[in-house]
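Here the structure is laid out as structure tokens; the discussion comes afterwards.
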Amino acid sequence: YGTLSHCWGTTQMLRTTSATLPGRYAGIPWTKLPLTFRRAVDTTRRLGFRYLWIDSLCIVQDSVDDWNGESSRVSNIYRDAVVCISALDAKGSSEGLYRPRNGLLHRPCKIWDRIPISLRS
């Protein structure tokens, strides 16, 4: 599974509450998801994963009991995820994940599919 790290922002965003919890089990219409969530779901699927954990949807926001139980597990949820998608530049859930950028301003790096012999301990 993957996780989404995102800024909640100052506007009211989609979240799970005691009142919306029963409907969450049936699913959330794609059109109701803010842009950041839609992009994260799309990225998760493209990477071949089926599940995406989003704090505002997976923790019942107006339940002290759920918050106390789930918030104590958040570090494990992020640690155990295969991938964490971070919306670092977005100021809220409606801004999405991607920004245009000038590739010439960034230094290229090599990503190895194996650890080189010289770096093995």
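Only one of these is under 19 Å from Leu14 (Cα atoms), of a type in the set (Ser, Thr, Tyr) and under 13 Å from the mean Cα position of the chain (by Cα): Ser93, Ser71, Ser63. Name it.
Testing whether each residue is under 19 Å from Leu14 (Cα atoms), of a type in the set (Ser, Thr, Tyr) and under 13 Å from the mean Cα position of the chain (by Cα) leaves just Ser93.
Can you tell me which residue within region 71-99, out of those that are open to solvent by 50 Å² or more (accessible area, probe 1.4 Å) and among the hydrophobic types (A, V, I, L, M, F, W, C), is modelled with the lowest pLDDT?
Leu88
Could you check Thr3 against (1) assigned to a loop (DSSP other than H, G, I, E, B); (2) open to solvent by less than 60 Å² (accessible area, probe 1.4 Å) and say which number it fails?
Every condition holds for Thr3 apart from (1).
Got a sec? Which of Arg50, Arg45 is of a type in the set (D, E, K, R) and either surrounded by 11 or more Cβ atoms within 10 Å (Cβ to Cβ) or not in a loop (DSSP other than H, G, I, E, B) (or both)?
None of the others qualify; the one that does is Arg45.
Scan region 39-52 and report the pairs whose first residue is farther than 16 Å from Ser86 by Cβ and whose second residue is buried (at least 19 other Cβ atoms within 10 Å of the Cβ), with Cβ atoms within less than 9 Å and a gap of 6+ or a chain change.
Arg45/Leu52; Arg50/Thr44; Tyr51/Gly2; Tyr51/Thr44
Select from region 36-79 the residues that are hydrophobic (A, V, I, L, M, F, W, C) and touching an Asp or Glu at 6+ places or on another chain (Cβ under 8 Å) and list them in ascending order.
Correct list: Cys58, Ile59, Val60, Val74.
The values are calculated or read from the model by the stated rules, or taken from the named source; none is laboratory data. Since this is a predicted model, take the numbers as computed values, not measurements. Cβ sites come from the backbone with ideal geometry, for glycine too, and all protein chains shown count toward neighbours. Side chains included, ligands, DNA and RNA excluded: accessible areas come from the protein's heavy atoms. Shrake-Rupley method; radii C 1.70, N 1.55, O 1.52, S 1.80 Å.
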